[in-house]
């Protein structure tokens, strides 16, 4: 019989949304660390978490505040130009917004004398760190004075310790009592260790987690989820609840009164708190999801509690890091990239089972030396809601001003650089120049939103491109119903070749015609002219030609959409995936 660990008594809350003395203390420690380590980046981060109407107040925060306001509005050249008279300010701001070439040029303009020499050393070290170098910036900081220099030395040293393979440690005083640690595991109970989660963060990663645990519960398992130490306060969410129940699934949070400044100390604290939770819950299996930070904690818990560890590789985060930089080829040989890749590989090799999303990812994992017998593919999938008929879109179409004769091509996504959404905007401009009444619908938010809106305005798409911002997961299908074609215009980046996203599978389940870039991971789900169409990555003409043909061929769109829906219903449901997990856990003697 499955038992439930007793709930902790509720602490008294302050007025507001789940504010507690503990969460306020934690938030203060995190904010203080950001301000001390990099005040410019702290200012930019605060702008991201502030409600929209309050962001304008950043203009009052001096030159950096005015530049941050311009940057947030997508006026990137103007933001950098506003600081051009001060190379020190320009370098600090350019590093905070990930513009290394601008930062390097500004640093070169500094006159290295007196206190400026120390500030220049810090900026030079930060630039090296951004480019994946850790040993070199420590040398740059040798002899530099000041609080920022000392803290940066400590941070870089901690990063080196992590990448060297130093595992998180469980302090003796934090170890569970012997009786608790040796209590029998609850059969079928699974503890999922994840980075972030619903309801605080809505993204493909968090939706996959929730769908997995819902399907596992329906299959008779008893899943629990725990997020990384400090989350969601580390994301600017002042929510002090240590346990949140979502659709009947318990989501546990590890919320200390303060966060250590060093990443290695934070990992130790996260392990101690996860060990206490594991002792109370007594799971039969530890199931960690990307990245290695979660896997390392699960592996350390295995040593303490003698439990099997599943490591679910949902992406290659070192390649996601590369995709954000124009000089990716050079950075692929950097200390940071190689260290992260090696650490991920060590976690895969150490786990009892490795789960991943598709064939391209499985091939990559095998190339790292993980035996094929240890790898299980559990692809992205859908629940029954996505296989039901789409809702009527008439009212929403009217609200957004979409005319009855207009065609809509769109995407639901986090607005990251590698998603290639700029290619969709270029293709839309080409179509309209040809006289095709095309509209682009961009559903989602992210770091690229302001820049994409500026691109749309420059291309004359101010009215033709609709940016909705983030919408609740429950409303995604209402926007699906607006689309004639769902587009996934991903770039050629290595991460796009390897990792299969969730969103196109959801669109295919809805019977929408899907067009994607012809990158390896996407060809696993879209078969050209069978379950969708493929176009040349980063080629707006190829995309425009494909969309024009499909807009004027409703029968072809319908056929491709129907084929896709049938394939998803047959091959890609969370219920099927739950059975895969259940079988895997049974082989690990966890059920």
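What to note about this one:
- Peptides ranked, highest mean first, by Cβ atoms within 10 Å: ranges 235-247, 385-397, 307-319: 307-319, 235-247, 385-397
- Both the radius of gyration and Dmax for region 299-414 are 21.1, 64 Å, in that order, over alpha-carbon atoms.
- Sequence of 539, 142 once ranked by neighbouring C-beta atoms within 10 Å, starting from the fewest: 142, 539
- Residues 159, 529 arranged by fewest to most Cβ contacts within 10 Å: 529, 159
- Averaging the sequence gap over all C-alpha pairs within less than 8 Å and six or more residues apart, then dividing by the number of residues, gives region 183-377 a relative contact order of 19 percent.
- Computed over the chain: relative contact order in percent, which uses C-alpha pairs under 8 Å that are six or more apart: 13 percent
- Region 78-160: relative contact order as a whole-number percent, Cα under 8 Å and 6+ apart: 21 percent
- The order of 573, 428, 345, going from fewest to most other C-beta atoms within 10 Å of their C-beta, is 345, 573, 428.
- Segment residue 338-residue 235, length gained on full extension (0.36 nm per residue, minus Cα span): 34.4 nm
- Sequence ranges 519-525, 497-503, ranked by mean other-Cβ count within 10 angstrom, highest first: 497-503, 519-525
- Cβ-Cβ FRET estimate between residue 395 and residue 98, R0 fixed at 56 Å, reported to 0.05: 0.90
- Of all DSSP bridge pairs formed entirely within the chain, close to 10 percent run antiparallel.
- Extension gain, residue 86 back to residue 530 (0.36 nm per residue minus Cα-Cα distance, nm): 154.1 nm
- Calculated [222 nm] ellipticity per residue, helices only, for the chain: -14500 deg cm²/dmol; basis is -39500 (n - 2.57) per DSSP H run with n ≥ 4, divided by all residues, nearest 500.
- Zone residues, region 391-414, relative to residue 558, backbone N less than 19 Å from point 7 Å out along Cα-to-Cβ: 391-394, 405-408
- Here the chain is treated as an ellipsoid with the same Cα gyration tensor; its semi-axes, largest first and in whole Å, are 37, 35, 23.
- Between region 253-328 and region 368-435, the Cα center-to-center distance that results, in Å: 31 Å
- If you plug the beta carbon distance of residue 246 and residue 108 into 1/(1 + (r/R0)^6) with R0 = 41 Å, you get a FRET efficiency near 0.20.
- Label-to-label distance, nm, for residues given as residue 385 and residue 183 (7 Å Cα→Cβ offset): 3.4 nm
- Inter-label distance, residue 327 to residue 150: 3.2 nm, where each label sits 7 Å from its Cα along the C-beta direction.
- Nitroxide proxy distance, nm - points 7 Å out along Cα→Cβ at residue 549 and residue 36: 6.1 nm
Values quoted throughout were computed directly from the atomic coordinates according to the rules given, and no laboratory measurement underlies them. Here the structure is a predicted model, which means the values were calculated and not measured. For neighbour counting, all protein chains shown are included, and Cβ atoms are generated from backbone atoms with ideal geometry for every residue, glycine included.
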